[in-house]
Amino acid sequence: MKCSEFLHELTNYLDGVLDDTTKVELENHLSWCHNCYVVCDTTKKTIEIYRDSQLYELPENLRTRLRSAIMAKCQQYKKRGPESV
Ligand SMILES: [Zn+2]
């Protein structure tokens, strides 16, 4: 699995709506890719804070904002070179 694929599935993963196979692939990716681990961890904490304060489903606009922030970060990493960290 590539970072772009990981990031594409990240919000589904955090929502717990993935099938087991994809989930395992994501967890495998996390075990070796520090970039995605950090992104996942940060996103998870952001969502938890949001959920704790609102107790509602993550609204679509926040989800979209998170995803574009994540994709922007992914682009930054790509510019620095493949898996350089
Ligand atoms: Zn990655």
Per-region count, region 1-17, residues over 17 Å from residue 45 (Cβ atoms) and either within 15 Å of the ligand (Cβ to nearest atom) or buried (at least 16 other Cβ atoms within 10 Å of the Cβ) (or both): 8
Output the number of the condition that residue 34 fails; it satisfies all remaining conditions of (1) surrounded by fewer than 18 Cβ atoms within 10 Å (Cβ to Cβ); (2) under 9 Å from the mean Cα position of the chain (by Cα); (3) within 13 Å of the ligand (Cβ to nearest atom); (4) in contact (Cβ under 8 Å) with a residue 12 or more places away in the chain. (2)
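Please go through region 37-85 and give me each residue that is among the charged types (D, E, K, R), modelled with pLDDT of 70 or more and loosely packed, with under 11 Cβ neighbours inside 10 Å, ordered by number. Steps first, answer last, please.
If we filter region 37-85 for residues that are among the charged types (D, E, K, R), which is where we start, we get 41, 44-45, 48, 51-52, 57, 60, 63, 65, 67, 73, 78-80, 83.
Subset that is modelled with pLDDT of 70 or more: 41, 44-45, 48, 51-52, 60, 63, 65, 67, 73.
Within region 37-85, 45, 52, 60 qualify.
The values are calculated or read from the model by the stated rules, or taken from the named source; none is laboratory data. Since the structure is predicted, the reported quantities are computational estimates derived from the model, not experimental observations. As a convention, Cβ positions derive from the backbone with ideal geometry for all residues, glycine included, and neighbour counts pool all protein chains shown.
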